[in-house]
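Following: one structure in structure tokens, then a few remarks.
The values are calculated or read from the model by the stated rules, or taken from the named source; none is laboratory data. Being a predicted model, the structure only gives us computed values, none of them experimental. Here the Cβ is made from the backbone with ideal geometry for all residues, glycine too, and neighbour counts use every protein chain on show.
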Amino acid sequence: MSDNPNTTDMTIKDFYLNEYPTDELGIELKDNITFAGLVTQLFGDGDVYDYIGVHDSLVRERLFSELANQLNTSYDYVYNLWLN
């Protein structure tokens with residue numbers, strides 16, 4: 001994942017297309033969604049897959065990994081938020 005501090009200012013789609021340009025699912029991500037919004041989904045009752053617009057576990061894992069990086073925490077922490 002990128003250590004670029006500007007990723008917190010990017011939409012999820014911009015981040016994903018920048019980091020994984022060969023993943024065709026990146027273009028299917030919803031426009032204008034953010035990592036802050038993803039956190040809200042994890043702490044609320046929201047469906048992460050509906051929020052991002054792609055129902056693919058690899059995409060979710062990559063986004064959770066970047067979110068963990070931005071929150072300076074572990075992937076497992078973010079994953080457990082999602083499970084609970």
Any chance you could count how many residues in region 31-48 are over 11 Å from the mean Cα position of the chain (by Cα), not acidic (Asp, Glu) and not in a helix (DSSP H, G or I)? 3
Close pairs from region 15-42: first over 17 Å from Leu71 (Cα atoms), partner modelled with pLDDT under 95 and in a loop (DSSP other than H, G, I, E, B), Cβ under 8 Å, at least 6 apart: Asn18/Ser2; Asn18/Met10; Glu19/Met1; Glu19/Ser2
Restricting the search to region 1-27, which residues are surrounded by 15 or more Cβ atoms within 10 Å (Cβ to Cβ), modelled with pLDDT of 95 or more and either out of contact with any helix residue (DSSP H, G or I) (no Cβ under 7 Å at 6 or more places or on another chain) or of a type outside the set (Val, Ile, Thr) (or both)? Thr11, Lys13, Asp14, Phe15, Tyr16, Leu17, Glu19, Asp23, Leu25, Gly26
Residues located in region 49-72, provided they are surrounded by 16 or more Cβ atoms within 10 Å (Cβ to Cβ), in a helix (DSSP H, G or I) and not polar (S, T, N, Q): Tyr51, Ile52, Val59, Arg60, Arg62, Leu63, Phe64, Glu66, Leu67, Ala68
Examine region 9-20 for a residue that is of a type in the set (A, V, I, L, M, F, W, C) and in contact with a Lys or Arg (Cβ under 6 Å, 6 or more places away or on another chain), and state whether such a residue exists. no
For residues that are over 12 Å from the mean Cα position of the chain (by Cα) and of a type in the set (A, V, I, L, M), scanning just region 72-84, find the one that is nearest to Val39 (Cα to Cα). Leu81
